[in-house]
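Visitor: Below is one structure. I have some questions about it.
The values are calculated or read from the model by the stated rules, or taken from the named source; none is laboratory data. These numbers were taken from a predicted model, which means no experiment stands behind them. Here the Cβ is made from the backbone with ideal geometry for all residues, glycine too, and neighbour counts use every protein chain on show.
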Amino acid sequence: MTLLERYAEVAGRDVVEHLRQLAGLLKGARVVHVNATATGGGVAEILAPLIPLSRELGLDARWEVLDGTPEFFACTKLMHNAIQGKRAAPDEQALRAYEEVNAGNAARLTGVLNDAEFVFVHDPQPAALIRHFSKRSGHWIWRCHIDASHPDSRVWRYLQTHVAGYDASVFSLPAFVRALPHRSYVIPPAIDPLGDKNRDLPDEQVRSICERNGLDMNRPRIVQISRFDWFKDPLGVIAAYRIAKPFLPELQLLLAGGGASDDPEGVEVLRAVREEAGDDPDIHVADLPPGDNVTVNALQRGADIVVQKSLREGFGLTVAEGFWKGRPVIGGDTGGIRLQVVDHHTGFLVASAEGAALRIRYLLHDDARRQRMGEKAREFARRSFLLTRQLREYLTLMVALQRGAEERIGAD
Amino acid sequence: MFVVRDCAVIAIATARQANTVSELLDGIAASPPESLYYHFWTGLLQMRFGEREYNNDFAGWVAHQLHERRLAERLAVIDPTGFPDLEVLRGTLMDTIQSEIDVDARLLWLRATTPFDFIRSQIVTFDSGRRARTPEELAALLPELSVESLFYHFIDARRREPLGGDDFSLWLNNFDHAVRPLIDALAAIDYYFGSLEELRTTLARTFSRHLPGLESL
């Protein structure tokens, strides 16, 4: 079975047919995606399936990864945090390392990038590549995956000197967009329905992974899977569980996440979560190793309700993942979660631990209703949050860039 | 020959937001026409839940973020198909908001919990490769058409065509009087309150009912 056939099975034949027709307008186009890492992180997770899918659609797509140095990655980590609002800026030496790595990679990739008709540069790390392609003939697109709505102004001013030169930019939500002297498209992120984090799993495997993480599959289960980060409000989830517990004595909570090993704040949050959980035998805390996607998948499938009670959130990929597994999601009333969770349809938005507890009770009170909402959530994910939708929008963007700036483009 | 086209719509940010009614008014005044198009029409391409209460993004935002039912109702009733062009539609939107402010200055003090983001769109259209030579052949194609095709031919056409009709009806006009009842039935379909999947079923049923010889769907 071809890759497209496999996607047609999960996303729908009509969706794949639409992709074929759009891709037909770009047949053979040379498309290069450039990012900073080959594994780990949401960008690599999406590019890994996007490239073969694009190739099968007839595009000459390839993926290039930056060669970086520890100084470079230290600088880009600072930049990343600063764009997301942290008041911090790399010093001149760090910026020199950033520019040198970009210059070195530009030299290494000269042929490939000069030859490309479309170059997608993902996030700030490779943004400065464009400086070295003054005679480029292809369309260069800067794809910003992070919330740039309230950046540190020093860092944004610096980054803007690079990204202003692109032909277009792409942001995940309208609220994340910064004013730039070119068209800024809005394309939400997506999940890969065939990847380890989202593909179907045998019931037995789901059961065994859940049990290994302490869950009793005969009792109600709520799960939040997120990095250990204050903004994900894990202590609020424990508070919600405790409010609901007297009404649902069988209730169990699993908080699972990664990122604690290489993030000092993550270590602190994980410690606080464990302390708050205390010796409650029905609260389980799992610090997952990076890339343990099958476990994430199984824990979401094993849950009755997926929770993402964030206090601040860009686009909630875990919300889309929960939907895809047919689970209603109780989400914090913030950021992109507001666009995903629709009260009484795909889950509930909540603004407090009390609100989350109420919705946990409500959803666990009526199995049939919970199941109906889960089915609706899955269909919503199929239509709105799968890789196929994101690829369709990338293809549309490429056709639009190729054919002009008009509002209506007849592409025949 | 009816040439079935398909389309793909993509959103472009304008970096303009509104947090209050005055900012909404300013944004409507300053936005390009394709932004009005986006906020009135392209919501139909997105998945909906339950009944659609408010027919455009402006009305929905006023209802859900400002909680101003009266202004929301007045904005919701504006039918974009009834306007010869988007500038006239823009004028009506602005007049409606301004007239509410004139009678209720309290509106100026309200602040939304979530801002309104002005978006504009680009629409790429292309030949789907499907063709129909007769109304019966078109009827047979309908159940297989993508929702984007239906959007393009049945909804977007009202803005494209000078006479404001849908593409199916305009094409059916080339046939004899026997298809007149079908054209009238198509004109009576109110697509604003259902999903495009429901519209596909409704269209297929309508064609089937009015074309003798087609099996009942």
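Visitor: Based on what the data block shows, is B:Val3 surrounded by fewer than 21 Cβ atoms within 10 Å (Cβ to Cβ), part of a strand (DSSP E or B), modelled with pLDDT of 90 or more and of a type in the set (A, V, I, L, M)? Spell out how you get there, then give the answer.
Guide: On the way: surrounded by fewer than 21 Cβ atoms within 10 Å (Cβ to Cβ): yes; part of a strand (DSSP E or B): yes; modelled with pLDDT of 90 or more: yes; of a type in the set (A, V, I, L, M): yes.
Yes: the conditions hold for B:Val3.
Visitor: Could I ask something else about it? Any idea which residue in the stretch A:329-378 is surrounded by the fewest Cβ atoms within 10 Å (Cβ to Cβ), counting only those that are touching a helix residue (DSSP H, G or I) at 6+ places or on another chain (Cβ under 9 Å), assigned to a loop (DSSP other than H, G, I, E, B) and hydrophobic (A, V, I, L, M, F, W, C)?
Guide: Step by step, filter the stretch A:329-378, then rank; the result is A:Val342.
Visitor: Test B:Thr206 against the criterion of being surrounded by fewer than 17 Cβ atoms within 10 Å (Cβ to Cβ) and β-branched (Val, Ile, Thr), and give yes or no.
Guide: Details: surrounded by fewer than 17 Cβ atoms within 10 Å (Cβ to Cβ): no; β-branched (Val, Ile, Thr): yes.
Criteria not met by B:Thr206.
Visitor: So, in the stretch A:196-218, of the ones that are part of a loop (DSSP other than H, G, I, E, B) and of a type in the set (A, V, I, L, M), which residue ends up farthest from A:Leu251 (Cα to Cα)? Full working, then the answer.
Guide: Keep residues of the stretch A:196-218 that are part of a loop (DSSP other than H, G, I, E, B), which gives A:196-202, A:213-218.
Still in the running and of a type in the set (A, V, I, L, M): A:201, A:215, A:217.
Numbers: A:Leu201: 24, A:Leu215: 10, A:Met217: 11 Å.
The qualifying residue farthest from A:Leu251 (Cα to Cα) is A:Leu201.
Visitor: Take the stretch A:385-412 and flag every residue that is crowded, with 18+ Cβ neighbours inside 10 Å and at the interface with another protein chain (Cβ under 9 Å from one of its Cβ atoms). Even if it seems obvious, please write down each step before you answer.
Guide: As a first pass, look at the stretch A:385-412 and keep what is crowded, with 18+ Cβ neighbours inside 10 Å: A:385-401, A:409, A:411.
A:Arg392, A:Glu393, A:Leu395, A:Thr396, A:Leu397, A:Val399, A:Ala400, A:Ile409, A:Ala411, listed by residue number.
Visitor: Which of (1) surrounded by fewer than 20 Cβ atoms within 10 Å (Cβ to Cβ); (2) more than 28 Å from A:Arg383 (Cα to Cα); (3) in contact (Cβ under 8 Å) with a residue 24 or more places away in the chain does B:Leu182 not meet, given it meets every other one?
Guide: (1)
Visitor: Still on this structure, I have one more. Would you confirm, using the coordinates I've provided, whether B:Glu144 is touching a strand residue (DSSP E or B) at 6+ places or on another chain (Cβ under 9 Å) and surrounded by fewer than 19 Cβ atoms within 10 Å (Cβ to Cβ)?
Guide: On the way: touching a strand residue (DSSP E or B) at 6+ places or on another chain (Cβ under 9 Å): yes; surrounded by fewer than 19 Cβ atoms within 10 Å (Cβ to Cβ): yes.
Yes: the conditions hold for B:Glu144.
Visitor: A follow-up question, please. Between a residue in the stretch A:137-155 that is outside the structural domain of A:Val177 (by TED's automatic domain parsing) and under 17 Å from A:His122 (Cα atoms) and any residue that is of a type outside the set (Asp, Glu) and surrounded by 21 or more Cβ atoms within 10 Å (Cβ to Cβ), which pairs come within a Cβ distance under 7 Å, given they are 6 or more apart or on different chains?
Guide: Nothing qualifies.
Visitor: Looking only at the stretch B:43-51, decide whether some residue is assigned to a helix (DSSP H, G or I), touching a residue at least 40 places away in the same chain (Cβ under 8 Å) and outside the structural domain of B:Glu197 (by TED's automatic domain parsing). Step through it out loud before you land on a result.
Guide: To start, the set of residues in the stretch B:43-51 that are assigned to a helix (DSSP H, G or I) comprises B:43-45.
This time we only want the ones that are touching a residue at least 40 places away in the same chain (Cβ under 8 Å), so: B:44-45.
Okay, now just the ones that are also outside the structural domain of B:Glu197 (by TED's automatic domain parsing), so B:44-45.
So far as the stretch B:43-51 goes, yes, one or more of its residues are assigned to a helix (DSSP H, G or I), touching a residue at least 40 places away in the same chain (Cβ under 8 Å) and outside the structural domain of B:Glu197 (by TED's automatic domain parsing).
Visitor: Starting from the stretch A:177-193, keep only residues that are facing another protein chain (nearest Cβ under 10 Å), then list their pairs with residues that are in a loop (DSSP other than H, G, I, E, B) and of a type in the set (S, T, N, Q) whose Cβ atoms are within a distance under 9 Å, requiring at least 6 positions of separation or different chains.
Guide: Sorted first by the residue in the stretch A:177-193, then by its partner, the pairs are A:Val177/A:Ser149; A:Arg178/A:Ser149; A:Val186/A:Ser172; A:Ile187/A:Ser172; A:Pro188/A:Ser172.
Visitor: Can I ask one more? Here is a list: B:Gln17, B:Gln98. Which entry is outside any helix (DSSP H, G or I) and either within 14 Å of chain A (Cβ to nearest Cβ) or closer than 30 Å to A:Ala179 by Cβ (or both)? Quick ask: steps written out before the conclusion?
Guide: Working: B:Gln98 fails: outside any helix (DSSP H, G or I).
Testing whether each residue is outside any helix (DSSP H, G or I) and either within 14 Å of chain A (Cβ to nearest Cβ) or closer than 30 Å to A:Ala179 by Cβ (or both) leaves just B:Gln17.
Visitor: While we're here: Can you give me the ranges of the helices (runs of 4 or more DSSP H) entirely in the stretch A:32-130 with at least 1 residues that are of a type in the set (Gly, Ala, Ser), closer than 23 Å to A:His150 by Cβ and over 25 Å from the mean Cα position of the chain (by Cα)?
Guide: Working: elements: A:42-56, A:70-83, A:92-108, A:110-115.
Helices (runs of 4 or more DSSP H) meeting the threshold: A:92-108.
Visitor: Only one residue in B:Thr20, B:Thr42 is of a type in the set (Ser, Thr, Tyr), more than 30 Å from B:Phe126 (Cβ to Cβ) and touching a Phe, Trp or Tyr at 6+ places or on another chain (Cβ under 9 Å). Which one? Break it down stepwise before answering.
Guide: On the way: B:Thr42 fails: more than 30 Å from B:Phe126 (Cβ to Cβ).
After ruling out the rest, the residue left standing is B:Thr20.
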